[in-house]
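Chemist: Sharing a structure with you now.
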Amino acid sequence: MADLLGPTDIRNLSEALNTSPTKKWGQNFVVDAGTVRRIVRIARVGADDHVVEVGPGLGSLTLALLETGARVTAVEIDPILAAALAQTVAERAPEFAANLTVIGADAMKIDALPHAPTALVANLPYNVSVPVILHFLEKFASLERILVMVQSEVADRLAAPPGSRTYGIPSAKAAWYCSVRRAGDVGRAVFWPVPRVDSALVLMQRRDVPPTAVSRERVFAVIDASFAHRRKGLRGSLADLAGSNALAEEALVAVGIEPLTRGEALGIEDFVRIAEELGRRAASDSDTLEP
C-alpha cells in the first residue's frame, strides 16, 4: 500500500518546496486519505487501467491511483509541483514508482499521451473543469470513463437532464459522449486551503456518440447557438446559423420541433436532428447555386 498524504504531510511538502496553493491555477489540495481512496473506488480503477490525472498537485490522489497497480500519467501545469511529484511517489510508494509518468504542461494543450488512457480521474481546478473534460473526450477515444471532483454547481450542470434548471451547454455536450451522473458530495474540510464552494463527484461513462451524418462540430455549433440567448426561442437563436428567422423556423418545423421552444428543452438527439436539417438545407442551397 502507498503511504498516502495527510494534512501535515501536505503542509510539510508545500513548505519544503517553498510553494503554496495559488488561485492562478485553482489549487486546492486534498488532505484526506479516505477521500482519495473513495474517488479511486468509485472510478473502478484497476491494475489494467491507464489513468490520466489532471492537476495532481502534491500527489494526494496520485498515490491512491498508483496503489491499485494502474499506470498513471499526471499532467501538471505548475512546474514546481510537476518537478517534485516523482520524488514524492518514489519515497511513499516505491513499488509503484515505475508506473508514473509526469508531464509538465497545460492539460488543454495535450493531444497525445504515452499510453492510450482508459480513465480520467482528477480533482479538477474549478475554473477549467468543463473545458478539460470536453477536450480529453474529444482527443482520446480510448477513455472509457471519467471520475472528477468539481464544484458542486458544475457537477449539477454536467449531469442535468433536459428541462431542468441547470441544463445547458455543458450538459448537452457531455451527453454527446457519455452518460453522466453525480456520484456523491465532498466536504470542504478535505481541502487545503478550504474552498468557499461545495464540491461533488461526477461519474461519466463513455457511450457511442449519436448516429448522424453531420460532424460533431456542426452539432456543437447548434448547441452553442441554442443557449446563446436563453430568453429566445430556437427560431431566433438559430437565425444566424440558418440564415434568417424564417429559415430557422422552416428547419425546426421540418424536424418536428416547435419554433418557440427553448434550447433547455432539447436532448442531444434533438440537437443532432436540427444540425442534420440545417446541413441538408445548406447543401441543397449550394447545389442550387452551382452553374
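Chemist: Just to check your reading of the model, which residue among Gly184, Gly233 is more than 21 Å from Glu277 (Cα to Cα), of a type in the set (Gly, Ala, Ser) and more than 15 Å from the chain's Cα centre (by Cα)?
Modeler: After applying the criteria, what remains is Gly184.
Residue by residue, here is whether (1) without any contact (Cβ under 8 Å) to a residue 24 or more places away in the chain; (2) out of contact with any Leu (no Cβ under 7 Å at 6 or more places or on another chain); (3) within 16 Å of Ser14 (Cβ to Cβ) holds:
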{"site": "Arg38", "(1), (2), (3)": "no, yes, no"}
{"site": "Ala43", "(1), (2), (3)": "no, no, no"}
{"site": "Gly46", "(1), (2), (3)": "no, yes, no"}
{"site": "Ser60", "(1), (2), (3)": "no, no, yes"}
{"site": "Ala70", "(1), (2), (3)": "no, yes, no"}
{"site": "Ala74", "(1), (2), (3)": "no, no, no"}
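For (1) basic (Lys, Arg); (2) closer than 23 Å to Arg181 by Cα; (3) buried (at least 19 other Cβ atoms within 10 Å of the Cβ); (4) at pLDDT below 95, each residue gets a yes or a no:
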position	(1), (2), (3), (4)
Thr22	no, no, no, yes
Trp25	no, no, no, yes
Val40	no, yes, yes, no
Ala43	no, yes, yes, no
Val54	no, yes, yes, no
Ser60	no, no, yes, no
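Chemist: Out of all the residues in region 220-227, is one or more of a type outside the set (D, E, K, R), within 18 Å of the chain's Cα centre (by Cα), over 28 Å from Asn28 (Cα atoms) and crowded, with 18+ Cβ neighbours inside 10 Å?
Modeler: Quick first cut of region 220-227, residues of a type outside the set (D, E, K, R) only: 220-223, 225-227.
Those still in the list that are within 18 Å of the chain's Cα centre (by Cα) too: 220, 223.
Then keep just the ones that are over 28 Å from Asn28 (Cα atoms); that gives 220, 223.
Cutting the leftovers down to crowded, with 18+ Cβ neighbours inside 10 Å gives us 220, 223.
Yes.
Chemist: Just to be sure I understand, how many residues within region 165-181 are touching a residue at least 60 places away in the same chain (Cβ under 8 Å) and surrounded by fewer than 22 Cβ atoms within 10 Å (Cβ to Cβ)?
Modeler: Start the filter on region 165-181 by keeping residues that are touching a residue at least 60 places away in the same chain (Cβ under 8 Å), which leaves 167-168, 172, 175-176.
Retained after the next criterion (residues that are surrounded by fewer than 22 Cβ atoms within 10 Å (Cβ to Cβ)): 168, 176.
Adding up the residues that qualify gives 2.
Chemist: Quick check on region 110-151: of everything there that is surrounded by 15 or more Cβ atoms within 10 Å (Cβ to Cβ) and among the polar types (S, T, N, Q), which residue is modelled with the highest pLDDT?
Modeler: Thr118
Chemist: Given (1) exposed (fewer than 14 other Cβ atoms within 10 Å of the Cβ); (2) within 21 Å of Trp25 (Cβ to Cβ); (3) in contact with a helix residue (DSSP H, G or I) (Cβ under 6 Å, 6 or more places away or on another chain), identify the lone condition not met by Ala90.
Modeler: (2)
Chemist: Inside region 157-185, can you point out the residues that are touching a strand residue (DSSP E or B) at 6+ places or on another chain (Cβ under 6 Å) and over 18 Å from Asp198 (Cβ atoms)?
Modeler: Across region 157-185, the qualifying residues are Ala174, Cys178, Ser179, Val180.
Yes/no per residue for (1) over 14 Å from the mean Cα position of the chain (by Cα); (2) outside any helix (DSSP H, G or I); (3) on the phi > 0 side of the Ramachandran plot:
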residue: His135; (1), (2), (3): no, no, no
residue: Ser142; (1), (2), (3): yes, yes, no
residue: Val148; (1), (2), (3): no, yes, no
residue: Ala155; (1), (2), (3): no, no, no
residue: Gly163; (1), (2), (3): yes, yes, yes
residue: Trp176; (1), (2), (3): no, no, no
residue: Ser179; (1), (2), (3): no, yes, no
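Chemist: A further question on this structure: Could you tell me whether region 167-180 includes any residue that is more than 22 Å from Val52 (Cα to Cα) and basic (Lys, Arg)? Quick ask: steps written out before the conclusion?
Modeler: Here is the first cut: in region 167-180, the ones more than 22 Å from Val52 (Cα to Cα) are 167-169, 171-172.
Among the residues that remain, those that are also basic (Lys, Arg) are: none.
No, region 167-180 contains no residue that is more than 22 Å from Val52 (Cα to Cα) and basic (Lys, Arg).
Chemist: Taking region 1-12 on its own, how many of its residues are under 28 Å from the mean Cα position of the chain (by Cα) and in contact (Cβ under 8 Å) with a residue 40 or more places away in the chain? Lay out the reasoning, then the answer.
Modeler: Going through region 1-12, the residues under 28 Å from the mean Cα position of the chain (by Cα) turn out to be 2, 4-7, 10.
If we keep only those that are in contact (Cβ under 8 Å) with a residue 40 or more places away in the chain too, we end up with 2, 4-5, 7, 10.
Residues meeting the conditions: 5.
Chemist: Residues in region 192-213 that are modelled with pLDDT of 95 or more and crowded, with 19+ Cβ neighbours inside 10 Å: how many?
Modeler: Adding up the residues that qualify gives 6.
Chemist: If you go through region 182-203 one residue at a time, do you hit one that is outside the structural domain of Ile146 (by TED's automatic domain parsing), farther than 21 Å from Glu269 by Cβ, basic (Lys, Arg) and in contact (Cβ under 8 Å) with a residue 24 or more places away in the chain?
Modeler: No: region 182-203 contains no residue that is outside the structural domain of Ile146 (by TED's automatic domain parsing), farther than 21 Å from Glu269 by Cβ, basic (Lys, Arg) and in contact (Cβ under 8 Å) with a residue 24 or more places away in the chain.
The values are calculated or read from the model by the stated rules, or taken from the named source; none is laboratory data. For clarity, every value in this text was computed on a predicted model and none was experimentally measured. Positions of Cβ are backbone-derived with ideal geometry, glycine not excepted, and every protein chain shown enters the neighbour counts.
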